[in-house]
Amino acid sequence: ASDSPSIELQELRQRFGNRRVFLYMGRVATEKNVEALIKAWRLVRPAGCVLVIVGDGPLRSALQAMGDEPDLVWWGYEPSLERRVAFQQLAEVFLLPSLVEGLSLALLEAMASGTACIATDAGADGEVLEGGAGIVISTQGVTTQLRTLLPVLRDQPVLTAELGHRARQRALERYTLAGNINALEALYAELVPQASLMV
């Protein structure tokens, strides 16, 4: 059945066991502000949880310099789409601490997977989550805000489940490919009403 977990998801579940996965997926670069997320994580160290960083970039080696930490996994670049999707399905919480962003595709994918999403108000990410589809934080003082939020997310699995449900609903309502194509076609027809007559 299509509802059965993929091989990749089964493998990841086996690897992480019963630990709750918090996920960052994207470039490890200054504008993504992964450093603030890691600082907050190291301050809180939420019991029973693991932060997985999927991605690579110029800051990875510097941020990883502390060496292996049991609750912080540097996965690196993941070329397999199936495994990236499996990570988003496995994760209980998706974190996007960006200082600069357009509209994050990884955020939309996490929302569609039913993952609770926390993102800054950089670019359009805050708009995507506003009105209860996720938690929006300010680009100012990301570490401080996450330091407060991480224990709440750890202690309230009912909250993360509800946020994941709302994120998925929002993604299905507003961000499906078919819906966006229909909206684009309607806009095109409105802007160029004579196009059909000229064919």
- [ ] Give the residues of segment 13-32 that are over 20 Å from GLY164 (Cα atoms) and open to solvent by 40 Å² or more (accessible area, probe 1.4 Å), sorted by residue number.
- [x] GLN14, ARG15, GLY17, ARG27, THR30, GLU31
- [ ] Considering each of ALA65, ALA40 in turn, give the residue that is open to solvent by 70 Å² or more (accessible area, probe 1.4 Å) and either at pLDDT below 95 or not in a loop (DSSP other than H, G, I, E, B) (or both).
- [x] ALA65
Open item on the list: Restricting to segment 68-111, name every residue that is open to solvent by 40 Å² or more (accessible area, probe 1.4 Å), out of contact with any strand residue (DSSP E or B) (no Cβ under 6 Å at 6 or more places or on another chain) and among the hydrophobic types (A, V, I, L, M, F, W, C).
Closed with: LEU81, VAL85, LEU99, VAL100, LEU103, LEU105
- [ ] Taking only segment 123-144 into account, find how many residues are crowded, with 22+ Cβ neighbours inside 10 Å, aliphatic (A, V, I, L, M) and closer than 11 Å to SER104 by Cα.
- [x] 1
Open item on the list: Testing LEU159 on (1) open to solvent by less than 90 Å² (accessible area, probe 1.4 Å); (2) of a type in the set (A, V, I, L, M, F, W, C); (3) farther than 21 Å from GLY26 by Cα; (4) modelled with pLDDT under 95, one condition comes back false. Which one is that?
Closed with: (4)
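The values are calculated or read from the model by the stated rules, or taken from the named source; none is laboratory data. Everything numeric here is computed off the predicted structure, so don't read it as measured data. Cβ sites come from the backbone with ideal geometry, for glycine too, and all protein chains shown count toward neighbours. Just so you know, the surface numbers come from the protein's heavy atoms only, side chains and all, with ligands and any DNA or RNA stripped out. Shrake-Rupley method; radii C 1.70, N 1.55, O 1.52, S 1.80 Å.
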